1. With the crude spin-label approximation of a point 7 Å out along Cα→Cβ, what separation in nm comes out for E88 versus A67?
2. At 0.36 nm per residue, and after removing the present C-alpha to C-alpha distance, how many nm does the segment from R99 to Q26 gain when stretched out fully?
3. Rounded to the nearest 0.05, what FRET efficiency do S60 and F133 have when you use their Cβ-Cβ distance and R0 = 30 Å?
Amino acid sequence: MDPITAAALAALAGGLGGEAGRQAWQGLTALVRRPFGRAATEEAEGGGAPRVSSGELEVSALEEDPADPVRAQALATALGVRAALDGEFRGLLDEWWQRARAGSAGGDVHNSFSGSSQNGQVLQGRDFSGLTFNMTRTTPSPPSPSSPSPSSDPAETETETERR
């Protein structure tokens, strides 16, 4: 099984990846809430070994603060330990991870600009939301044919307007 990185978990918890990322995160939380497999439970209780986290507390903590790398690492560790102790969980976690990685890989962005120079800001990326652009025009626009031409004499402007 490929290791699940803390950075990937933090990104999913923070909503990266849009709808696919949200669904992947929901899949992980549902998986973590599943009870431990029978063999892992018997081994932990019968052998006197310390109890192992299911990962639920770590998921909740990371949801509260997705930018905290310590919380992300705690979840990655909890998932790794649980997968080592519970073969069924390991298989399901591996399937989840493969689907999550495949879902995030399907949206390559290719931008190209050609022709004359671009006048203004250019934004490149994928899945933008909640953006606001406050832009001011840097060059005056040419007068439209229906608008009167600017004149320094107000009487001349009135005469131009009356003629039309």
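1. Rounded to a tenth, the inter-label distance reads 4.0 nm.
2. Numbers: separation 73, 0.36 × 73 = 26.28 nm, distance 1.25 nm.
Contour length minus the Cα-Cα distance gives 25.0 nm.
3. On the way: r = 36 Å, r/R0 = 1.20.
For S60 and F133, the calculated efficiency is 0.25.
Bear in mind that the values in this text are calculations on the coordinates, not laboratory data. Every value quoted in this text rests on a predicted model; they were computed, and no experiment measured them. Note that each Cβ is placed from the backbone with ideal geometry, even for glycine, and that neighbours are counted across all protein chains shown.
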